[in-house]
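Down below is the structure, laid out as structure tokens.
The values are calculated or read from the model by the stated rules, or taken from the named source; none is laboratory data. Bear in mind that the values here come from a model prediction, so they are computed numbers and not experimental data. All Cβ positions, glycine included, derive from the backbone under ideal geometry; neighbour counts span all protein chains shown.
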Amino acid sequence: MKLWLVRHARPLIDSGVCYGALDVPADDAATRRCAAQLAASLPTKDLPNGSQQVSLSTSPLQRCELLTKYLCCLRPDLEPISDKRLAEMDFGSWEGQRWDAIGEEAVARWTDQFATHPPGGGESVQTFMKRVHTAMAEVQGENTVWITHAGVIRAATLIASGVQTVVSADQWPDNGPDYGETVLLKL
């Protein structure tokens with residue numbers, strides 16, 4: 001099985017702002033380009049019994065829903081399913097704040113207890129990883145596409161490599177996918 005993890009296009013928010021679960025729009029032109037590239041790279045519907053060869057799930061956040069909409073205009077054979085488990089990690093009261101305004105002490109408290117401390121009272125990394133793991137356990141079919149976020153892609157990549165629980169911040173991947181980038185996992 002192949003799991004195609006696609007990050008949304010660049011969001012329309014200032015650099016340096018925490019926007020995990022914050023529902024912000026994405027750049028329209030960049031989203032259209034990403035949809036065109038993705039539509040051209042996905043397998044086509046060609047199974048003998050006429051069943052759908054590619055399943056598509058999307059985060060309910062608008063930056064992912066827009067990409068899904070444009071992709072489905074180009075690939076009407078795809079039938080998207082909105083899945084809240086594919087939403088980005090929830091940073092609670094940190095959402096919409098500049099990272100430098102959140103403060104080093106608050107960030108250090110989170111990174112010191114990375115697995116269990118919910119940043120801004122939102123969602124802990126442990127809870128987030130469980131959410132992504134549950135969604136991955138339900139993946140069926142030869143090709144599944146998730147339109148999602150960098151955090152979900154990082155978590156799914158860790159899970160696919162055998163890491164079920166992240167204990168410390170140094171286990172979390174430093175570099176995530178670029179906006180509009182696709183990561184392919186073979187499960």
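Counted as qualifying within region 1-105 are the helices (runs of 4 or more DSSP H) with 3 or more residues that are touching a residue at least 60 places away in the same chain (Cβ under 8 Å) and either closer than 20 Å to residue 180 by Cα or aromatic (Phe, Trp, Tyr) (or both), namely 28-41, 62-74.
When the residues of region 111-151 are filtered to those that are under 23 Å from residue 79 (Cα atoms) and surrounded by fewer than 16 Cβ atoms within 10 Å (Cβ to Cβ), which remaining residue is modelled with the lowest pLDDT? Top of the filtered list is 141. Right, residue 151: within 30 Å of residue 44 (Cα to Cα), of a type outside the set (Asp, Glu) and in contact with a Phe, Trp or Tyr (Cβ under 8 Å, 6 or more places away or on another chain) or not? Answer is yes for this residue.
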